[in-house]
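Each reported figure results from applying straightforward, stated rules to the coordinates on display, with no laboratory input. Small disclaimer: the values here were computed from a predicted structure and weren't measured. Please note: Cβ atoms are built from the backbone with ideal geometry, for glycine as well, and neighbour counts cover all protein chains shown.
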Amino acid sequence: MLSTASDSIDPMIDGSGGHVCNATDDSIGNLVTVRNARLATFASFFLGGYTVAMWASNVPLIQGRNQVSDGQYAIVALYIGIGATVGCIAAGRVVDRWGPKWTLRLSAALYAVSLLPVGFATGAASLGVAALAMGVLRGATDTSVNAHGVAVERRLGRSTMLAFHAAWPAGGLVGGLVSAQFMRMAPDNPVLCLTVNGIGVAFAVIVLSRWYLPEAPEGHGGRTIDDRACVGGQAAALSPARSASTLLAVALGCTGLCAMLGEASSDWTGKYLHEQLATTTAVAALAFAFFSAGQLVGRLGGDALTRRWGATAVTATSGLLAALGLAFTLALPHAYTALLGLFVFGLGLAPIVPLVLATAGRIDPARSGTNIGIVNMLGYGGLLVGPVLIGTVVVHAGLTLALMIPALLALVVAVIGPPVMRKARLGASHSLVATVPESVRR
């Protein structure tokens with residue numbers, strides 16, 4: 001039976017009440033299981049960022065070992081992006097069929113192992129093949145870890161996705177530091193670093209997967225037990241139509257695309273400080289650091305704001321804040337005000353993509369993986385298109401005008417984000433969601 005509850009999952013979407021199922025011991029599982037799954041999800045996001053850092057930190061060594069030019073490396077990077085978009089969609093379908101637990105265990109472990117063929121590649125051709133495979137597994141890991149995060153969030157009955165996403169850059173930071181230590185031991189060869197860390201991360205994933213959320217019994221479409229109907233057959237009857245669910249996911253993906261294009265533009269901010277504001281290279285190097293610091297703060301504090309005001313209000317405010325931050329950077333030609341503006345820019349962008357992914361996963365629990373995969377695919381498209389778009393405008397119109405594009409896109413998020421979130425909430429309100437007692441939400 002459906003009932004209105006003050007502790008429903010809907011406050012994560014717009015701060016208002018919604019419809020939930022009455023929880024039973026069978027539907028919520030053991031409270032310790034939920035808490036362990038939350039910690040395992042944090043660790044999985046951390047390891048995802050750590051694995052990305054292993055690749056990114058070793059790019060110069062990989063280029064040198066394989067005698068790959070900058071132009072050839074651009075093609076390798078394109079292969080990674082193409083592979084990631086394919087992996088996002090493929091993993092989404094697997095998640096819907098088998099559930100996020102096994103999909104995440106397999107994709108994350110193989111993603112870590114994929115560092116080995118990248119390290120052992122002996123030329124541009126073999127590196128390209130290895131990079132394509134790594135991209136597919138990266139996209140699959142991204143979709144499955146977000147799907148598992150949404151499932152954990154649903155079980156907890158409160159917003160946690162932003163905190164999960166904060167663990168990703170934390171993993172990247174640690175991974176970069178660890179990689180630097182390996183480079184001291186083997187300054188000209190990435191094989192040792194990628195082999196040791198690839199195997200180590202894969203082992204850690206396998207161990208962590210013991211605490212992922214259990215899957216539903218056979219016959220429930222591979223979903224986690226929190227996605228089962230409280231009364232047989234009701235979930236299927238109330239689930240939104242597939243076409244409507246897909247359209248909502250695409251609309252959310254376009255919102256995320258605008259935010260990801262903004263994040264991709266952060267690579268140009270150091271160049272802006274150095275060339276347009278005539279700063280030293282040391283000061284210019286702080287541009288990305290300030291942007292990243294803003295993102296970290298935004299994600300660490302964003303869940304509390306989402307629980308208080310709802311994802312709709314947070315998304316609108318975040319878009320405006322990001323636009324104002326970048327406008328502040330461009331309007332005041334001073335290094336310190338520019339750095340402050342970049343911090344605000346990162347702070348504003350930080351909540352958007354995690355909230356979009358979480359909302360996509362709640363439209364229809366039966367198609368959570370597919371919808372998250374669609375959003376991820378469009379997001380990776382933003383990362384691919386962003387540098388090309390900004391670079392083209394830089395060549396023809398200058399860097400200042402080029403950086404106005406992400407500011408305008410942030411305003412687009414502030415405008416289109418709220419109605420899309422509301423529409424997604426209406427779709428999600430037709431899906432049955434099991435909750436847990438208040439004690440587990442503390």
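Cα centroid distance between the stretch 247-321 and the stretch 118-177, in Å?
With the stretch 247-321 and the stretch 118-177 each reduced to a Cα centre, they are spaced 19 Å.
Between the stretch 388-420 and the stretch 186-205, what is the separation of their alpha carbon centroids in Å?
Result: 38 Å between the Cα centres.
If we sort 261-272, 64-75, 198-209 on the protection proxy, mean other Cβ atoms within 10 Å, highest first, what's the order? Provide the component values of the computation, followed by the final result.
Working: 261-272: 21.7, 64-75: 13.7, 198-209: 18.2.
Ranked from most to least packed, the peptides come out as 261-272, 198-209, 64-75.
Compare the peptides 394-406, 374-386 by average per-residue count of other Cβ atoms within 10 angstrom and give them in order, highest first. Write down the numbers at each step before the final one.
Details: 394-406: 16.1, 374-386: 23.2.
My ranking of the peptides, most packed first, is 374-386, 394-406.
How high is the FRET efficiency from residue 331 to residue 275, r the C-beta distance, R0 25 Å, rounded to 0.05?
Calculated transfer efficiency: 0.90.
Expressed in nm to one decimal, what extension gain is obtained for the pair residue 313 and residue 196 from 0.36 nm per residue of sequence separation less their Cα-Cα distance?
37.7 nm
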